[in-house]
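**Q** Sharing a structure here in structure tokens format.
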Amino acid sequence: MKKILLFQMNGIAYDSTCFFSSCLGKALENAGIEVTWFDFQRQTMKDLEALCGQSFDAVIDYNSKLPGAVLDDGTPFLNHIQAPFYNYILDHPVYHHANLSVLLENYHVICIDEDHNKYISKWYPHIKSVHTLSVGAAKAENAVKSEQHRKEGILFPATYLNPRDYYELITALPDSMQKYTKAVLDCLLSDTHCTFEAAAMQVYKEYDTGMAFPVFAQSNFLADVYVRALYRERVLEAAAKSGLPVRIFGEKYQESSIGEFSNVTVLPQMSYRDSLSAIAESAFVLNVMPWFKSGIHDRVLNAMYNGAVSITDSSSMMDTCFTPQQDYIAYSLDRIEALPDLLNTYVPDEDFRAQTAARAFAKVQTFTFAKQAEYIRTIL
């Protein structure tokens, strides 16, 4: 029987990574794999050190900081576990540059966007393999009693990102750094199909900075944060202008004017697990891709798996796996002003909702944690 060690950390991003680890571990066990969990909240450093010398077929951690952990002799902790280490990263690789740069003996990465896969494969050659695997779709613990119990309108279960705050951070940078970040940002704003790494490379080629490209890209991450925040705000405002009921769960909406719309209800933040219940109670779930141009956010997959209709911008992976206006409602970042009319065309149509949700539910079965476990078995 194969053995996998899974790390868990509570309290991060609405407890999402802990939830993912738990779901993946259960799916692996159902696939006949022995799973050992290490919970940082419950176990001690002594327990962690006791893993040294142990053998597994794989060690998996989400958005891991473990590559930077060293023993007293300065050697990487992970080198002392006899197993390939898989860092399952959920963001653009620039946010994980320090940990991706560590020269572990048996380093592998799982990411959720094919462009991220190519980026890591090119710029971190010591990493032995890179795999693209969307976060598994998960069922809510408390499903709706019937389709008639779904709440009307649109749900957006995510944090508010204030673009003005991030732009202030950019303008507070030293002039030399600010110049590069604004240039990267200009590339992104001029082309919504442009990936962050493509924009960074365009600017990198214009200037002789003396930096390695991954360092340059990482130093300009604020351009990525700002453009994601800006478009999230624009999409939310457009959805509110539809006049349809909109419910929002998440942090920091007191900083936004979105709550001033009479049709918008802003509710307190909730854990990832509880957000699944909110999704399962909803007829429509709004998503704004975090500038993933070749991946799918778990918000989309969870909506489909829980019987709601996803409303989202697209990506090359979405185009491959799902059909717009048949499996989900697709809008364009280039035509956000068209979103209110788009929503008023589709959201009130009950037949469309039922048929779209059914088609998406059938297709999303290939994105479950059980399917993830099957895939992971094949790469061990």
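**Q** Could you check residue 78 against (1) open to solvent by 20 Å² or more (accessible area, probe 1.4 Å); (2) in a helix (DSSP H, G or I) and say which number it fails?
**A** (1)
**Q** Which pairs turn up if I take residues in segment 43-60 that are surrounded by 12 or more Cβ atoms within 10 Å (Cβ to Cβ) and look for partners that are part of a helix (DSSP H, G or I) and at pLDDT 90 or above with beta carbon separation below 6 Å, at least 6 apart in sequence or on another chain?
**A** Close Cβ pairs (under 6 Å, with a partner that is part of a helix (DSSP H, G or I) and at pLDDT 90 or above) amount to 52/80.
**Q** For segment 167-203, how many residues meet the condition of being open to solvent by 60 Å² or more (accessible area, probe 1.4 Å) and of a type outside the set (Lys, Arg)?
**A** Of the residues in segment 167-203, 15 are open to solvent by 60 Å² or more (accessible area, probe 1.4 Å) and of a type outside the set (Lys, Arg).
**Q** Okay, moving on. Quick check on my filter: what residues within segment 109-150 are under 20 Å from residue 321 (Cβ atoms), assigned to a helix (DSSP H, G or I), open to solvent by less than 30 Å² (accessible area, probe 1.4 Å) and touching a residue at least 40 places away in the same chain (Cβ under 8 Å)?
**A** Residue satisfying the conditions is 116 alone.
**Q** Answer yes or no: is there a residue in segment 216-227 that is of a type in the set (D, E, K, R) and more than 26 Å from residue 341 (Cβ to Cβ).
**A** Yes, segment 216-227 has at least one match.
Here's the yes/no breakdown for (1) of a type in the set (Gly, Ala, Ser); (2) in contact (Cβ under 8 Å) with a residue 60 or more places away in the chain; (3) part of a helix (DSSP H, G or I); (4) more than 30 Å from residue 270 (Cα to Cα):
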position	(1), (2), (3), (4)
192	no, yes, no, yes
205	no, no, yes, yes
214	no, yes, yes, yes
231	no, yes, yes, no
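**Q** Can you spot a residue in segment 177-194 that is within 27 Å of residue 23 (Cα to Cα) and over 17 Å from the mean Cα position of the chain (by Cα)?
**A** no
**Q** So, one more: Which residues, counting only those in segment 267-301, are of a type in the set (A, V, I, L, M, F, W, C) and in a loop (DSSP other than H, G, I, E, B)?
**A** 270, 288, 289, 291, 292, 296 - these are the residues of segment 267-301 that are of a type in the set (A, V, I, L, M, F, W, C) and in a loop (DSSP other than H, G, I, E, B).
**Q** If we keep just the residues of segment 26-56 that are β-branched (Val, Ile, Thr) and in a strand (DSSP E or B), which is nearest to residue 71 (Cα to Cα)?
**A** If we take residues in segment 26-56 being β-branched (Val, Ile, Thr) and in a strand (DSSP E or B), then 36 is nearest to residue 71 (Cα to Cα).
**Q** Scan segment 85-108 for residues that are under 19 Å from residue 135 (Cβ atoms) and in a loop (DSSP other than H, G, I, E, B) and jot them down.
**A** If the condition is that a residue be under 19 Å from residue 135 (Cβ atoms) and in a loop (DSSP other than H, G, I, E, B), then 89, 90, 91, 92 are the ones that fit.
**Q** Those residues that are surrounded by 16 or more Cβ atoms within 10 Å (Cβ to Cβ) and part of a loop (DSSP other than H, G, I, E, B), I need them from segment 252-266; list them, please.
**A** The answer is 256, 261.
**Q** From the set of residues in segment 1-25 that are touching a residue at least 40 places away in the same chain (Cβ under 8 Å) and in a strand (DSSP E or B), which is farthest from residue 141 (Cα to Cα)?
**A** 3
**Q** Quick check on segment 136-152: of everything there that is in contact with a helix residue (DSSP H, G or I) (Cβ under 9 Å, 6 or more places away or on another chain) and among the acidic types (Asp, Glu), which residue is modelled with the lowest pLDDT?
**A** The qualifying residue modelled with the lowest pLDDT is 147.
**Q** Still on this structure, I have one more. Evaluate the following for residue 304: is it closer than 22 Å to residue 228 by Cα and under 19 Å from the mean Cα position of the chain (by Cα)?
**A** It is false that residue 304 is closer than 22 Å to residue 228 by Cα and under 19 Å from the mean Cα position of the chain (by Cα).
**Q** Out of the residues in segment 344-369 that are over 23 Å from residue 320 (Cα atoms) and not acidic (Asp, Glu), state the one that is least open to solvent (accessible area, probe 1.4 Å).
**A** Top of the filtered list is 347.
**Q** Taking residue 351 as the residue in question, decide whether it is under 22 Å from residue 291 (Cα atoms) and in a helix (DSSP H, G or I).
**A** The answer is no for residue 351.
**Q** Identify, by number, the condition in (1) under 30 Å from residue 1 (Cβ atoms); (2) without any contact (Cβ under 8 Å) to a residue 40 or more places away in the chain that residue 380 doesn't meet.
**A** Evaluating residue 380 over (1) under 30 Å from residue 1 (Cβ atoms); (2) without any contact (Cβ under 8 Å) to a residue 40 or more places away in the chain leaves (2) as the failure.
Per-residue answers, yes or no, for (1) of a type outside the set (S, T, N, Q); (2) open to solvent by 10 Å² or more (accessible area, probe 1.4 Å); (3) closer than 27 Å to residue 149 by Cβ:
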| site | (1), (2), (3) |
| --- | --- |
| 274 | yes, yes, yes |
| 281 | yes, yes, yes |
| 301 | yes, no, yes |
| 308 | yes, no, yes |
| 315 | no, no, no |
| 318 | yes, no, no |
| 321 | yes, yes, no |
| 333 | yes, yes, no |
| 371 | yes, yes, no |
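**Q** What is the one condition in (1) closer than 30 Å to residue 246 by Cα; (2) open to solvent by 70 Å² or more (accessible area, probe 1.4 Å); (3) at pLDDT below 95 that residue 210 does not satisfy?
**A** Every condition holds for residue 210 apart from (1).
**Q** List every residue pair whose Cβ atoms lie under 8 Å apart, where the two residues are 6 or more positions apart in sequence or sit on different chains, the first residue falls within segment 156-172 and is at pLDDT 95 or above, and the second residue, located anywhere, is in a strand (DSSP E or B).
**A** Between residues of segment 156-172 that are at pLDDT 95 or above and residues that are in a strand (DSSP E or B), the close pairs are 156/246; 156/247; 156/248; 156/249; 156/285; 156/286.
The values are calculated or read from the model by the stated rules, or taken from the named source; none is laboratory data. Nothing here was measured: the structure is a model prediction, and the numbers come from that model. Virtual Cβ from ideal backbone geometry, glycine too; neighbours counted across all protein chains shown. SASA here: full protein model, heavy atoms, side chains in, ligands and nucleic acids out. Shrake-Rupley method; radii C 1.70, N 1.55, O 1.52, S 1.80 Å.
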